[in-house]
Amino acid sequence: MLLAAAPAQASNRLVDIRLYSLHKLHSINLEPEGEGVTVGERQLKGPAKATARGQLVVFDGGVKAGPARTVKIHAPLKGVWLSGPALPRRLYTGELTFSVERNQLKIINSVPLETYVAGVVTGEAGDLSQLEAYKAQAVASRTYILKHLRNHIGEGYNLCDSTHCQLYSGLGSISPKAREASDATRGELLFYKGEPAATFYHSICGGRTETMTFVWPFEDKPYLVSVRDGPPGKPYCSIAPGFRWKTKIYYTGLTRLARQAGWILPDETTRGMRVSSWGPSGRAAELEIQTQRRTVKVTATDFYHGIGRRAGWTAVRSTMFKILSGKDYVMLDGLGSGHGVGMCQWGAEGMARKGFKYRDILKHYYPGTETGYD
Ligand SMILES: [Zn+2]
Ligand SMILES: [Zn+2]
């Protein structure tokens, strides 16, 4: 632990990712990218198709294999393209194991950890430009991944490729900067007192990050505490597009959302809303919604999630907002985007533009932690 150089063990690790985990797959097309792709014992020379037939997998076209319970594909070099009529076309490398579960194909990709980290960072840091911000994201994502390797262990793999775990779209979409960041921080993790840290992150804090327990009341970590994100009046993340936002919500719309969320009864209509208490980071903590006969209290976190799930996540982007009342509407005047816990990704970008290195960035957002290797 906390050695000077990454031991080979961490960097050569493989993780098992379930591909197309949100899709129903009866069949899928394969196409080799260059030489060296094998299906079972045979070379894959051209386009082929894998199909679920009963409990068995069958390959035909450019290669014949199966029917068998499982078929392994080795795509060690440039990889293999997967595609289908309703599927995004994606390039994968490493070993892919095909089997059938409930009449659908189940594809598990054993991929080198660092390739997977680069893929995840591409998705998470796609809007940023600074390499040091990408490196901070790589360490945070790698630590997050290693802490969540048991997410799907009962289903025979480590992580799924949807946002339920971490978005992973294969090799073809990995950005050069994400690849460079994962290579430069190879095997590096974030620790608190010798344990891998819970590396939560979000898009834009709005000027001050949030203490974990104010967002998730039953959880607390000594390094997930509110920090001021840069000099007063000039937060690091103020460079972010969408740093400040305003959303007008008419009472008709608020009534509909509040009924759907179960905050008010079907015969109640909303007449007003105000922030009734504030958290120490300046975020709204509790809201009061006024109906024709009573006042209903809703935590700001429930409001943020409730609106997000029903009206999309761009309507109310964070809980750092003030409420201004109009005749038949309320105006939310807000800062930032996301839950505010842990690293502020746009703040990391801002710090990097000011010359901070990724380890300084991580220490800023996760005070008391240090980087190392396991
Ligand atoms: Zn998952
Ligand atoms: Zn910030």
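Bear in mind these aren't lab numbers, they're just calculated from the coordinates by the rules spelled out. Just so we're clear, the structure is a prediction, and the values are computed from it rather than from any experiment. Cβ sites come from the backbone with ideal geometry, for glycine too, and all protein chains shown count toward neighbours.
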key: Distribution of pairwise C-alpha distances over the chain, 20 Å bins, in %   = 26, 46, 26, 2
task = Hydropathy first: keep DSSP H helices in the chain averaging at least -0.5 on Kyte-Doolittle, then drop any whose Cα extent along the axis falls short of 18 Å, and list what survives.
result = 131-147
request  = Would you mind putting 12-18, 115-121 in packing order, based on average other-beta-carbon counts within 10 Å, highest first?
outcome  = 115-121, 12-18
task = Rounded to the nearest 0.05, what FRET efficiency do K354 and T163 give with R0 = 25 Å and r taken as the Cβ-Cβ distance? Could you check?
result = 0.25
request  = Just need the relative contact order of the chain here, percent rounded to a whole number, with Cα pairs under 8 Å and 6+ apart.
outcome  = 18
request  = For the pairs K135/K221; K297/K327; K177/K322; K322/K354, note any where the Cα-Cα span goes beyond 32 Å.
outcome  = K177/K322
inquiry  = Placing +1 on the Cβ of each Lys and Arg and -1 on the Cβ of each Asp and Glu in the chain, which of H26, Y251, A184 has its Cα farthest towards the positive end of the resulting dipole?
reply    = Y251
inquiry  = What's the ranking of 353-364, 312-323 by average number of surrounding C-beta atoms within 10 Å, highest first?
reply    = 312-323, 353-364
